[in-house]
Amino acid sequence: QVQLAESGGGLVQPGGSLRLSCTASGNIDRLAAMGWYRQAAGPERELVAAITVNGTPMCGDPGKGRVTISRDAAKNTAYLQMDNLKTGDTAVYYCNAKLLGLDQSWYEDWGPGTVVTVSS
């Protein structure tokens with residue numbers, strides 16, 4: 001299990017940029033990947049982007065072409081750079097971590113969510 005601390009959300013005008021940060025602590029030796037999902041209306045969460053511990057990025061449909069995922073391994077931190085933000089990007093953004101347990105089962109942990117509001 002890891003704890004995920006999120007930062008970087010807030011209010012931004014359309015066309016602006018934000019960088020979200022997610023720092024993992026705890027059982028980081030089991031960490032396999034970190035990423036960001038977003039949730040707007042409804043219960044579902046959409047994958048925005050994720051990155052493995054060896055640096056392989058994975059991107060979802062939301063924000064495609066306007067987001068960049070990166071990671072600072074020394075700080076156990078994943079970054080989501082979002083550019084040219086649109087009002088449709090308004091959502092709660094959740095950091096996600098995927099871990100391999102000692103029993104060889106996969107687990108996921110979630111951050112508490114940080115609000116991104118894109119509005120003029």
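May I ask you to give the solvent-accessible area per residue for the range 1-65, in square angstrom, as obtained with a 1.4 angstrom probe?
52 Å²
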Cα Rg, Dmax, the range 1-41, angstrom units:
13.2, 39
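What percentage of the solvent-accessible surface of the range 13-120, computed with a 1.4 Å probe over protein heavy atoms, is contributed by carbon and sulfur atoms?
In the range 13-120, the share of accessible area belonging to carbon and sulfur is 50 percent.
Give me the percent relative contact order of the range 1-113, please, defined on Cα pairs under 8 angstrom at least 6 residues apart. Let's see the in-between values first.
On the way: 265 pairs, mean separation 36.9, N = 113.
Relative CO of the range 1-113 lands at 33 percent.
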Throw me the Rg/Rh for the chain, computed over C-alpha atoms with Kirkwood Rh, two decimals.
0.97
Could you order Thr87, Thr114 so the one with the most accessible surface comes first? Probe is 1.4 Å.
Thr87, Thr114
Taking a cut-off of 16 Å between Cα atoms, list the lysines near Lys86, but don't count ones fewer than 8 places away on the same chain.
Lys64
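If you filter the range 51-120 for trypsin sites (Lys or Arg not before Pro), then keep DSSP loop positions with at most 13 other Cβ within 10 Å, what is left?
Details: sites: Lys64, Arg66, Arg71, Lys75, Lys86, Lys98; in loops: Lys64, Arg66, Lys86.
Here the trypsin sites (Lys or Arg not before Pro) that fit, given the DSSP loop and packing criteria, are Lys64, Lys86.
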Partnerless Cys - the chain, beta-carbon criterion under 4.7 Å
Cys59
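The values are calculated or read from the model by the stated rules, or taken from the named source; none is laboratory data. The structure displayed is predicted, hence computed values, not measured ones. Every residue, glycine as well, gets a Cβ built from its backbone with ideal geometry; the counts of neighbours run over all protein chains shown. Remember, those area values only see protein heavy atoms, side chains included, never the ligands or the DNA or RNA. Shrake-Rupley method; radii C 1.70, N 1.55, O 1.52, S 1.80 Å.
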